[in-house]
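Notes follow once the structure below has been shown.
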């Protein structure tokens, strides 16, 4: 089925730190105020199997990330105990450990440029370098080096898709198509209706 630009979808998981810090409503508020529409939402504790399927990283990704960790350890004067690729794999291992420890909230958001809009609102992956005004920049100060020092996952509140194709792949992992609502909001009519029909009535 052909989709209009304003029907672009993106996928979001509010991680355990968002839920535990009672920031779920604040995050939803920010997305809604931008004009995005929530078409699916559910709360659950994810399984290791689903998370492994979700993150789906390559050896190239593991090596790149692991090399960054090795450089951080060297800068801190700490010993290098394994190959860079294993440090990279530890990233996903620690994420899985953290994400399976408590409930998360998964959502599908829809709207024009939904993937880019959510990415902009959420901020860069590392909270300590995220801009003021983004969710990560405003609500947490964690960093890769701190997380690495403590051998844990970085607490960055949210996962969001970084491409439309990736969003559709992730949505299919966590939601059945019949769980995603198809409806129109009054806000959409104002934002997308070409003639603003009825807006002066």
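FYI, it's all coordinate maths here, none of it is from the lab. Note that the structure is predicted; figures quoted are calculated from it, not measured. Glycine also receives a Cβ, built like all others from the backbone with ideal geometry; neighbour counts cover every protein chain displayed.
Just a few scattered comments:
- Gyration tensor verdict on the stretch 121-166 (Cα atoms; rounded if a/c is under 1.5, prolate if a/b is larger than b/c, oblate otherwise): oblate
- Note on residue 75 and residue 113: the extension gain reaches 9.8 nm, defined as 0.36 nm multiplied by sequence separation minus the Cα-Cα distance.
- Stokes-Einstein D for the chain, Kirkwood Rh over Cα pairs, 4 °C, 1.567 mPa s (µm²/s): 71
- Both radii come from the Cα set of the stretch 84-199: Rg as radius of gyration, Rh as Kirkwood radius; their ratio Rg/Rh reads 1.06.
- Cα centroids of the stretch 1-47 and the stretch 79-144: 14 Å apart.
- Nearest-0.05 FRET efficiency for residue 126 and residue 61, computed from C-beta distance (R0 25 Å): 0.95
- Expected-Rg normalisation [2.2 N^0.38 Å, Cα atoms] applied to the stretch 1-57: 1.37
- Taking 14 Å as the cut-off, the amide N atoms of the stretch 11-28 that come nearer than this to a point 7 Å along the Cα-to-beta-carbon line of residue 45 belong to 16.
- Ranked 10, 185, criterion: other C-beta atoms within 10 Å, fewest first: 185, 10
- Nearest 10 degrees, 0 to 90: helix 164-174 Cα axis against the chain principal axis: 80
- Rounded to the nearest 500, the 222 nm mean residue ellipticity of the chain from helices alone is -13500 deg cm²/dmol, with -39,500 (n - 2.57) taken per DSSP H run of at least 4 residues.
- Each principal axis of the Cα cloud of the stretch 17-132 was taken in turn, and the coordinate range along them, longest first, works out to 47, 32, 27 Å.
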